[in-house]
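Notes follow once the structure below has been shown.
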Amino acid sequence: MADISRYPVPLHVAIIMDGNGRWAAARGLPRVAGHREGTKAVRRTIEAAINKGVRYLTLFAFSSENWQRPPSEVADLTFLLKHYLRSELNELHDQGVCLKTIGERDRFGPNLAEELAAAEAKTAGNTRLTLVMALSYGGRADIVDAARRAMAAGLTPETLNEGNFAGFLSTDGIPDPDLLIRTSGEERISNFLLWQTAYSELFFTDVLWPDFAAEDFNRAVEEFATRERRFGARPV
């Protein structure tokens with residue numbers, strides 16, 4: 001592999017963490033085992049992002065569609081989210097990570113919603129990496145909610161534009177992702193950051209999320225650096 005240190009680094013990387021269930025099934029384990037192993041990949045990926053100088057990392061941790069999964073799996077995912085928050089928060093804080101959440105976190109109940117708010121408050125002053133956790137998040141709902149907020153703020157059809165509309169999205173103040181990674185071999189966006197990824201570079205890998213390592217993250221960053229970003233413009 002080429003020397004990754006000489007490549008430009010994306011400011012913001014977003015990841016669709018896919019493949020926990022298949023990882024567990026391949027080993028004859030319950031799905032929760034895959035989700036549990038996936039939290040280790042989260043830790044590795046945060047460290048890799050920090051080491052490469054990425055400033056924003058957004059993880060699709062729980063989609064709005066995940067509520068349709070069996071209640072037992074939803075309960076397992078919620079428990080793991082609580083466990084991750086309680087076991088990793090101090091380490092994240094010590095690493096200089098600022099935690100933010102987007103999505104309908106109130107759907108997880110008042111206790112977890114309050115813990116998430118407290119974690120955001122505790123890490124608000126950190127600047128090394130902003131970790132955005134998308135929880136009960138859907139891209140279409142984000143756009144619809146932004147439209148409602150824009151109307152409530154009094155914006156008219158004549159004054160509404162892409163610039164001021166973006167300020168009503170849940171990601172206001174966060175730059176759009178430069179690079180979107182999806183694991184497990186699936187090649188679709190799955191209702192994730194639909195507005196924000198309009199010009200993101202897409203990187204798909206067959207690696208299942210629990211097996212995702214720093215080397216895989218670096219490989220995606222290396223691939224990103226070889227692409228010519230045009231943002232819709234034709235080459236001169």
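Screening the chain for whole DSSP H helices with an alpha carbon extent of at least 30 angstrom along the helix axis and a mean Kyte-Doolittle hydropathy of at least -0.5 yields 71-94. Sorted ascending by nearby beta carbons within 10 Å, beginning with the fewest, VAL54, VAL132 become VAL54, VAL132.
If you add up the charges near HIS83, with Lys and Arg at +1 and Asp and Glu at -1, over every other residue whose beta carbon is less than 12 angstrom from its beta carbon, what do you get? Every neighbour counted, the sum reads 0. Applying the Karplus relation 6.51 cos²θ - 1.76 cosθ + 1.60 with θ = phi - 60° to segment 124-130 yields 3J(HN,Hα) values of 4, x, 7, 10, 6, 8, 9 Hz, where x marks Gly and Pro. Per-residue 3J(HN,Hα) values for segment 162-176, derived from phi via the Karplus relation 6.51 cos²θ - 1.76 cosθ + 1.60 with θ = phi - 60°, read 4, x, 6, 5, 4, x, 9, 6, 5, 9, 3, x, 10, x, 4 Hz in sequence order (x marks Gly and Pro). Full extension of the chain between GLU65 and GLU228 yields a length gain of 55.3 nm, computed as 0.36 nm times the residue separation minus the alpha carbon distance. Under a model in which nothing but the beta-carbon of Lys, Arg (+1) and Asp, Glu (-1) is charged, the chain shows a dipole of about 120 debye around its Cα centre.
As a calculated quantity, the FRET efficiency between THR127 and ARG22 at R0 = 25 Å, using C-beta atoms, amounts to about 0.10. With 0.36 nm allotted per residue and the present C-alpha distance subtracted, the ALA117-LEU29 stretch has 28.3 nm of extension available.
First measure r as the distance between the Cβ atoms of THR78 and GLU186, then evaluate 1/(1 + (r/R0)^6) with R0 = 25 Å and state the FRET efficiency to the nearest 0.05. Taking R0 as 25 Å, the efficiency between THR78 and GLU186 is 0.60.
Sorted on the mean count of surrounding Cβ atoms within 10 Å across their residues, most packed first, peptides 201-207, 56-62 read 56-62, 201-207. Remark: relative contact order (segment 9-225) = 31 percent; criterion is Cα-Cα distance under 8 angstrom and separation of 6 or more residues. In a fully extended conformation the segment linking ARG43 and THR159 would gain 37.4 nm over its present Cα-Cα distance, using 0.36 nm per residue.
Every number in this text was worked out from the coordinates using simple rules, so none of it is lab data. Because the structure is a prediction, the values reported are computed rather than measured. As a convention, Cβ positions derive from the backbone with ideal geometry for all residues, glycine included, and neighbour counts pool all protein chains shown.
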